[in-house]
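Single-structure report; data block below.
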Amino acid sequence: MVLGDSSVDSAGMTVVPGWARAPWTDSVIAALREAHPRFACLHPRGRRELPLSHVRSTQLGDALDFNGDLALLACGGPELRARSFDPDAMEFELSRILAALRGATCQVVLVISPFDLTQAGEVSADQVAGLRARQRLLSERIEAVVLRHGCVHVDLAAHAGPPAGDLWGARPGRLSSRGHAVAAATVVRTLGRLLAT
């Protein structure tokens, strides 16, 4: 099952030649179905800029009712782009979500945080240092929570690949088709390592 805000959809996606117009979550689901044809997935489409508190209140109940054994939680973007960032509140909400998922049927939970948002085309030069510091803090807090709950953090901002600017589309804050493909590949590789152990 997939939870999170609509950074996981294809609305407004800039299509880079050679890269399919597909949200990264759809590509991950397709890869899982290729390996396991009977794989079933709950994939609610959240509205854009859905913070963790709203993910918990609007998506978590359905996710728990689904009784899945794998969950992907896309988070962090709305918190980073908010006017103010409260890391304690973010950590609290994330911990509540992960505790509920792990306390139910989820054996594997991946928490996916965004690529470097300073490259997303929506940040002025005087805001770059502050946003980078905020994103580092977000990543550190997520890492602490996932370790506490036995989950896995996929920090796309730490991805070593094409320049971060190449991953973003023409619309500020929206990944290009290449960005979605790189995110999908990163998540699939992580799942492959986990499921092989």
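Restriction of the chymotrypsin sites (Phe, Trp or Tyr not before Pro) in region 1-109 to DSSP coil positions whose beta-carbon has at most 14 other beta-carbons within 10 angstrom yields PHE39.
Rounded, prolate or oblate: pick one for region 1-117, where a ≥ b ≥ c are the square roots of the eigenvalues of its C-alpha gyration tensor, a/c under 1.5 means rounded, and failing that, prolate if a/b is larger than b/c, else oblate. Since a/c reaches 1.5 but b/c is at least a/b, the shape of region 1-117 is classed as oblate. Reducing region 174-193 and region 88-118 to their Cα centroids gives an inter-centroid distance of 18 Å. Per the Debye formula on identical point scatterers at the alpha carbon atoms of the chain, with no solvent, log10 I(q)/I(0) at q = 0.08, 0.10, 0.17 Å⁻¹ is -0.24, -0.38, -1.17. For region 1-119, the relative contact order is 33 percent, taking Cα pairs closer than 8 Å that sit 6 or more residues apart in sequence and dividing their mean separation by the residue count.
For the chain, DSSP calls about 10 percent of its internal beta bridges antiparallel.
If you sort the three axes of the alpha carbon gyration tensor as a ≥ b ≥ c, you get a/c of 1.5 or more for region 83-140 and a/b above b/c, which makes it prolate. Rounded to the nearest 20, the size of the Cβ-charge dipole of the chain about its Cα centre is 260 debye, with Lys and Arg at +1 and Asp and Glu at -1. Does region 57-156 classify as rounded, prolate or oblate by the C-alpha gyration tensor (a ≥ b ≥ c root eigenvalues; a/c under 1.5 gives rounded; else a/b over b/c gives prolate, otherwise oblate)? Verdict is prolate for region 57-156.
A short reminder: the numbers here are calculations on the coordinates, not readings from a lab. Model, not experiment: these values are computed from the prediction. Glycine also receives a Cβ, built like all others from the backbone with ideal geometry; neighbour counts cover every protein chain displayed.
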